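Working notes, structure below.
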Amino acid sequence: MTSSAAAEPQRYLEAQIRWRPLEIVFWLATLLPFVLTPSYLVLASQIAITALFALSLDLILGYAGIVSLGHAAYFGFGSYTAGLIAKWGWGEPLSGLIIAAAAAGLLGYLTSFIIARFRHLALIMITLGLGLLLAEAANSASWLTGGADGLQGVRMWNLLGIFPFDLYGTAAYGYALAMLFLLFLVARRLINSPFGLALRGIRENAVRMPAIGAPSPAHIRKIYTIAAVIAGVAGALLAQTTETVSLETLSFQRSADVLVILILGGAGRLYGGIVGAIIYMVARDQLSDINPQYWYFWIGTLLVAVVIFLPNGILGGLARLMPSGRSRA
Amino acid sequence: MSTAALSTRGLDKSFGSLVVAKNIELDLPRGARYALIGPNGAGKTTLINLITGMLKPDGGRILLEGEEVTALRPEERVKRGLVRTFQINTLFPHLSALEAVTLAVCERRGYAGTWWQKLPAYADAIEEAYSILLSLRLGASCYRPTRELAYGQQRLLEIALALATNPKVLLLDEPAAGVPQGESAELFSVIADLSEDIAVLFIEHDMNVVFRFARRIIVMVGGRILVEGTPKEIAADARVREVYLGGAHHG
């Protein structure tokens with residue numbers, strides 16, 4: 001084979017992963033809240049954090065096909081780690097973030113040995129069980145976590161020694177957005193790598209993988225650990241920008257919400273979790289102003305409608321309308 | 001005689017009281033083109049599952065080029081060159097044919113754990129995958145998602161994925177299953193043209209194909225090997241006639 005024989009397939013694979021103009025427009029647009037809606041920067045920072053959490057779930061669910069109902073375990077673990085470090089006197093945000101990410105990653109690595117052995121319903125039950133277990137442990141260890149009152153006394157130093165985390169959320173949004181973008185770049189590279197292809201292989205046909213010599217359990221352990229690190233960063237960001245940690249960060253509700261967000265936006269598309277987070281959080285903000293009790297009524301309606309009419313999520317539906325859309329279903 | 005590419009010694013397997021493999025002794029020399037035939041339920045696919053590690057035998061040993069692989073996991077056996085295809089398409093529906101074969105090549109070359117490098121950077125793996133697809137006449141369709149390929153092309157992709165693992169022993173479970181009779185000869189000519197370094201064992205029901213492409217034939221009945229021989233010997237064997245014609249009577 002001459003090298004020119006493979007030029008065409010290589011170009012095809014290059015074209016699959018090229019940056020689309022729409023992507024660049026999207027990331028530029030994430031800067032708009034600073035100028036257009038400065039009074040909503042706190043909400044914007046929460047959206048960025050939730051989007052990062054959903055991105056983490058997308059890596060395991062959308063790419064490797066690992067269904068989890070307990071992903072909040074890593075979010076909350078990162079949250080409490082970051083909160084405790086600050087409470088114990090080290091309020092420097094970036095180093096705290098890295099330590100929290102490492103702690104969540106370690107928890108992810110340890111649990112990944114269980115995760116890699118199961119699939120389907122058993123996996124849903126195991127992730128659910130692990131999530132509940134950790135939430136209850138945090139609840140009973142109130143001497144450490146503050147229990148139901150939440151972790152109090154978290155004091156953050158200025159970001160980069162300059163920007164204080166104030167009530168306007170300017171530093172919070174800038175910080176969360178920068179982390180979202182950075183880890184998005186990592187995730188994007190990951191899914192376009194040989195490892196990313198192997199993950200899609202596991203999702204597409206777990207039976208065939210061993211028959212082509214692929215060690216699926218090792219792949220699953222690796223992506224689960226990476227996803228736990230990213231979830232831990234998201235949790236740490238929430239703790240640092242709000243200067244408190246509540247049991248809610250570990251709750252089943254949070255695990256379920258992030259799953260809903262990802263399914264709404266479209267799993268396996270990298271942007272699905274981000275779009276889902278924007279729609280979900282903005283809708284919650286607006287609808288709960290009108291009628292807080294009925295908020296989940298509308299989310300339920302939206303979820304049912306999306307799953308029936310747009311089985312690949314909102315992004316999947318949009319991709320069908322635009323022939324130039326990403327076709328990595 | 002040199003060491004066989006694949007041997008089994010006293011392989012046993014039962015599901016409760018149902019014996020699906022009894023004392024299977026098999027020797028596949030390098031470059032073999034063997035057919036495995038037998039009536040439905042004879043245990044042919046089960047034997048492939050046992051040899052490749054997808055089922056655990058109750059007893060017996062499996063040797064690949066003289067080395068015992070009985071305790072290895074399926075993917076470890078594949079790494080050593082013991083590879084199978086599936087009777088029912090077991091493919092990656094949303095991956096293009098090129099992506100699927102590139103994945104198999106990446107796994108073999110040890111690239112598949114790398115997550116910080118772009119896939120297109122691995123020109124050697126892509127080149128190899130593409131040349132396998134070209135050799136199976138899938139070059140023109142390799143950019144389409146697998147699920148959109150014609151059925152016959154999907155059968156070829158089954159083989160392409162196996163070839164990408166660089167097999168020493170290739171076990172083909174009814175490679176032409178579901179393919180119209182006219183096309184199955186074409187598919188088998190692809191198999192006949194495979195490298196002489198690869199030992200091939202295929203399950204097939206169409207006797208015209210079997211007698212045309214197999215150099216030796218193994219007949220299985222009720223979980224046991226009834227007889228093994230050249231096509232001529234098998235055609236003349238009274239017990240084989242009894243199994244096939246007798247079976248047809250009770251059909």
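No value in this document is a laboratory result; all are computed from the given coordinates. If you're wondering where the values come from, they're calculated on a predicted model, not measured in any experiment. Quick reminder, even Gly has a Cβ in these numbers, built from the backbone with ideal geometry, and neighbours come from all protein chains shown.
Some points to look at:
- Among beta bridges that DSSP assigns inside the protein assembly as shown, antiparallel share in %, nearest 5: 60
- Whole-angstrom gap from segment B:169-206 to segment A:28-95, using each part's C-alpha centre: 53
- Based on the Kirkwood approach, the hydrodynamic radius assigned to segment B:1-140 is 17.4 Å, with every pair of different Cα atoms included.
- Cα-based helix-to-principal-axis angle, A:120-140 vs chain A, degrees rounded to 10: 20
- Sites A:THR37 and A:TRP298, calculated FRET efficiency, Cβ-Cβ separation with R0 22 Å, nearest 0.05: 0.50
- Among A:ILE60, A:ILE308, A:ILE299, the largest mean-square fluctuation in a Gaussian network model of chain A (Cα springs under 10 Å) belongs to A:ILE308.
- Each Lys and Arg Cβ is given +1 and each Asp and Glu Cβ -1; about its Cα centre, segment B:6-250 then shows a dipole of about 320 debye.
- Using a Förster distance of 56 Å, the FRET efficiency for A:LEU94-B:GLU186 (Cβ separation, nearest 0.05): 0.35
- Ranking B:PRO145, B:LEU47, B:SER14 by how far each Cα lies toward the positive end of the dipole of chain B (charges on Cβ) leaves B:SER14 at the top.
- Size-normalised alpha-carbon gyration radius of segment A:82-162, reference 2.2 N^0.38 Å: 1.37
- Our analysis of chain B gives Rg over Rh at 0.98, with the two radii drawn from alpha carbon positions and Rh computed by the Kirkwood formula.
- Here the simple spin-label model places points 7 Å from the Cα toward Cβ, and for B:ARG9 and A:LEU287 these points are separated by 6.8 nm.
- Most positive-pole-ward Cα, B:THR165, B:GLN117, A:LEU28, against dipole of the protein assembly as shown from beta carbon charges: B:THR165
- Zero-based 10 Å bins, Cα pair distances in the protein assembly as shown, whole percents: 3, 16, 23, 21, 15, 12, 7, 3, 1, 0
- In degrees, nearest ten, helix A:194-204 long axis to first principal axis of chain A (Cα): 90
- Charge-dipole axis of segment A:181-318 as Lys and Arg at +1 and Asp and Glu at -1 on Cβ define it, positive-most pick from A:SER246, A:VAL207, A:ALA283: A:VAL207
- In the calculated pair-distance distribution of segment B:130-193, the portion above 15 angstrom amounts to 49 percent of the Cα-Cα pairs.
- Nearest-0.05 FRET efficiency for A:ALA218 and A:ASP166, computed from C-beta distance (R0 51 Å): 0.65
- About the centre of its Cα atoms, segment A:38-251 shows a dipole size close to 840 debye [charges on the beta carbon of Lys, Arg (+1) and Asp, Glu (-1) only; nearest 20 debye].
- If only the Cβ of Lys and Arg carry +1 and only the Cβ of Asp and Glu carry -1, the dipole of segment B:43-89 around its Cα centre is close to 160 debye.
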